[in-house]
Amino acid sequence: MANNQQELQEKTENGLTSAQPNKLYVPDVDVFETDENIVILAAMPGVSENSVDVTLDKNILRIDGSVEASHFDGYSPAYVEYEAGHYRRSFTLSDRIDRDKIEASVHNGMLSLTLAKTDLPQARKIEIQAV
């Protein structure tokens, strides 16, 4: 995951810099497809259901999650490989995804998204009437 780190400089709607952690991670994902669904599994160690957001804006599905630094009373870190930070990844959805039937859950740092497929509208002939 160290290869996917970037500095995060995010602006809020009013132009102020947000108070997000300074590391941005791109979560590794696996994508599976069935006849009815597309399932996305995103590895986001340290996130909980309260620290993850999934938003859909037009055809862009965006995953955001945060991990706070661990603090241990009476201890100071001697060596740290895992840093707190922010996860972000976006996907462009096709017209075959039912926007009203997207489900998300998180368990042990693994975000699971289930995107229900829908049939594309079929072409049909429009009957012309004489007026």
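Filtered by the rule that a residue be within 24 Å of residue 43 (Cβ to Cβ) and of a type in the set (D, E, K, R), the range 70-99 gives 81, 83, 88, 89. I'd like the residue in the range 63-80 that is of a type outside the set (A, V, I, L, M, F, W, C) and closer than 18 Å to residue 23 by Cβ and, out of all such residues, is nearest to the chain's Cα centre (by Cα). Only one residue tops the list, namely 64. If you go through the range 76-95 and keep only what is over 20 Å from residue 55 (Cβ atoms) and either surrounded by 12 or more Cβ atoms within 10 Å (Cβ to Cβ) or touching a Cys at 6+ places or on another chain (Cβ under 7 Å) (or both), you end up with 83, 84. Given the criteria surrounded by 12 or more Cβ atoms within 10 Å (Cβ to Cβ) and more than 23 Å from residue 31 (Cβ to Cβ), does residue 103 qualify? Taking the combined requirement at face value, the residue does not satisfy it.
Each value in this text was obtained by applying a stated rule to the coordinates, not by laboratory testing. It should be emphasised that the depicted structure is a prediction, and the values quoted were computed from it without experimental measurement. Virtual Cβ from ideal backbone geometry, glycine too; neighbours counted across all protein chains shown.
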